[in-house]
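Accompanying notes for the structure given below.
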Amino acid sequence: MKLNGIKLTWLGHGTFLLETPGGKKVLIDPWVMNNPFTPADKKSFDKIDVMLCTHGHGDHIGDAVELAKKHNPSVVGVYELCLWLQKKGVERVVPMNKGGSQKVADIWVTMVHADHSCGIEDDGQIIYGGEACGFVIQCENGVRIYHSGDTNVFGDMQIIHDLYQPHVAIMPIGDVFTMGPREAAYACRLLKPKAVIPMHFGSFSVLTGVPEELERRIKDMGIELITLEPGETYSGETNS
Ligand code: NI
Ligand code: MN
C-alpha cells in the first residue's frame with residue numbers, strides 16, 4: 001500500500017504521528033511524554049498542527065493539555081471532551097460528533113463510532129467525556145486512513161467501509177480493554193482495507209494479543225499486515 005507522501009509513525013500504544021504530503025503534522029491520541037513505549041527521541045515535536053483525540057482515557061489524552069499549550073494545534077474531539085480540554089486551557093478546540101466531517105488544516109476528518117467507554121479521570125473523579133470515537137482521515141492526496149481508537153468490533157464498520165472506504169485501518173488487537181486479534185480479523189472482513197496496522201498491544205502485560213495471530217486469521221483476505229515497532233515510520237515505500 002503506497003501512501004503517496006504520507007508518513008505514519010507509531011509512537012507506541014494508541015498514539016500515531018501522521019505527516020501529510022504538504023508537511024502538516026497530525027498527532028493522534030496524544031500520550032507521548034508519559035508514554036513508556038514512545039522512544040525518547042520521539043517525545044518532542046517541532047510543531048503540531050492538529051491533534052485528534054479518540055476518547056478521554058489517560059492512555060490516549062494523557063499529554064493532550066500540555067502539548068496543546070505548547071504547540072497550539074487545532075484539537076479535534078467529541079463535544080464533551082473538547083469542553084473539558086477547553087476548561088483545562090486548550091485554546092483551539094474543534095468539537096464534533098459522530099457522522100460529521102470537517103476540514104482541519106489540510107485533512108478532512110470524519111468522526112465515526114467506536115464501541116468503548118469515555119470517562120475522564122480528573123483529580124480522583126470520573127467526568128463524563130462524551131462517547132469514544134474513531135476517525136477517518138482523508139489527506140490531500142486522496143489516501144484515507146481509519147484510526148479506530150479503542151474499540152470492540154461492531155457491525156457498523158460495514159458502513160465505514162461503504163461510505164468512506166479507508167485504505168489503511170489502524171486497529172487495536174491487545175484484548176482485555178479492546179478487541180483482540182479474533183475481533184480485529186472480523187473487523188478487517190467488514191472494513192476491507194488494503195492494509196491494517198495493529199496497535200494497543202504489548203504495551204501492558206494484560207494486552208496479550210499479537211500481530212501473528214491477526215496475520216493467521218486474515219491470510220485469506222488479501223490485506224497487507226503492517227507491523228511497526230514503536231518509533232517506526234511507515235510510508236508505503238521504504239520504512240525507517
Ligand atoms: Ni480506552
Ligand atoms: Mn486505551
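Only the coordinates and a few stated rules stand behind these numbers; no lab work does. Everything numeric in this text was worked out from a predicted model, so none of it was measured. All Cβ positions, even for glycine, are placed from backbone atoms using ideal geometry, and neighbour counts span all protein chains on display.
Worth pointing out:
- Beta bridge orientation in the stretch 7-84: antiparallel %, DSSP, nearest 5: 55
- Taking other Cβ atoms within 10 Å as a rough exposure proxy, Asp115, Asp29 sort from fewest to most as Asp115, Asp29.
- Expected 222 nm ellipticity per residue - DSSP helices of 4 or more, -39500 (n - 2.57), all of the chain, to 500: -5500 deg cm²/dmol
- Cα-based shape type of the stretch 1-50, given that a ≥ b ≥ c are square roots of the gyration tensor eigenvalues and the cut on a/c is 1.5: prolate
- Shape of the stretch 33-152, Cα gyration tensor, a/c cut at 1.5: rounded
- Dividing the mean sequence gap of close Cα pairs (under 8 Å, 6+ apart) by how many residues the chain holds gives a relative contact order of 19 percent.
- Where only alpha carbons of the stretch 143-240 are counted, the Rg and the Dmax (Å): 12.6, 36
- With an a/c value of 1.5 or above and a/b not larger than b/c for the gyration tensor axes a ≥ b ≥ c computed over the alpha-carbon atoms, the stretch 95-182 is described as oblate.
- On the principal axes of its alpha carbon atoms, the chain extends 48, 38, 36 Å, with the longest extent given first.
- Loop sites in the stretch 34-67: trypsin sites (Lys or Arg not before Pro), DSSP, at most 14 other Cβ within 10 Å: Lys43, Lys47
- Taking 0.36 nm per residue of sequence separation and removing the Cα-Cα distance, the Asn4/Leu83 pair yields an extension gain of 24.9 nm.
- Beta bridges per DSSP, both residues in the stretch 88-226: antiparallel share near 65 percent.
- Within the chain, DSSP assigns beta bridges of which about 55% are antiparallel (rounded to the nearest 5).
- Sorted by Cβ density within 10 Å, fewest first, the residues Trp108, Trp31: Trp108, Trp31
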